[in-house]
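Notes to accompany the following structure.
Each reported figure results from applying straightforward, stated rules to the coordinates on display, with no laboratory input. Keep in mind it's a predicted model, so treat the numbers as computed, not measured.
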Amino acid sequence: MKKPLPRAVAAAAILGLALAGAAAQMGPDSKSARDRTALQGTWKWQSASLAGEALDEAEVRLMAMTFKGDQVMPSADPTDTATFSLDPSKTPAAIDFTDRNNKVDLGIYKIEDNVLSICMALAQSRKARPASFESTKENGALYIVMKKQPPGK
């Protein structure tokens, strides 16, 4: 005859199964919500290149992007808002920016600590979404590396 499981062991087993189920259910929507939350705030540009050419460092250091809700505002013109959508289920994770004229920049993103990297095909280029974090003459992509600013800066 088998020994009955002590209640604590049975409760731990049930809790473990529940947590495993919750982790299995944590799909792209949860990752999307987590990434959307991580993006909130102001990100100061550290470097940028377009079509394989580095942009002027002095000008780049003046730029920032502020994410608020599902909108993003450039520091150069805070009234020029766009919406963004995330698809972290893709590899690399995808981000799309839609401007007020419904033109869409197709991009990829990664967040590592307080550093955000975005590489995107600008709508006017009519190029495909970049496959990697690099700006080349061939892909015509804009590649930006940004650092998150503390609140209030």
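Assorted remarks:
- With contacts taken as Cα pairs under 8 Å and at least 6 residues apart, the range 38-153 reaches a relative contact order of 29 percent.
- Too-long pairs where the Cα-Cα distance tops 22 Å, listed order kept, from LYS103/LYS127; LYS127/LYS148; LYS90/LYS127; LYS31/LYS103: LYS127/LYS148; LYS31/LYS103
- Integer Hz, Karplus 6.51/-1.76/1.60 couplings in order for the range 130-141, x for Gly and Pro: x, 9, 8, 8, 7, 10, 10, 4, 5, 8, x, 6
- Note, ³J(HN,Hα) from phi for the range 103-120, Karplus 6.51, -1.76, 1.60, rounded to Hz, x at Gly and Pro: 8, 10, 8, 9, x, 10, 8, 8, 10, 10, 6, 9, 10, 10, 10, 10, 10, 9
- For the range 28-148: rounded, prolate or oblate by the Cα gyration tensor [a/c cutoff 1.5]: rounded
- Qualifying aspartates and glutamates (Cα of each under 20 Å from Cα of LYS147; at least 8 residues distant if same chain): ASP35, ASP56, GLU57, GLU59, ASP70, ASP77, ASP96, GLU112, ASP113, GLU134
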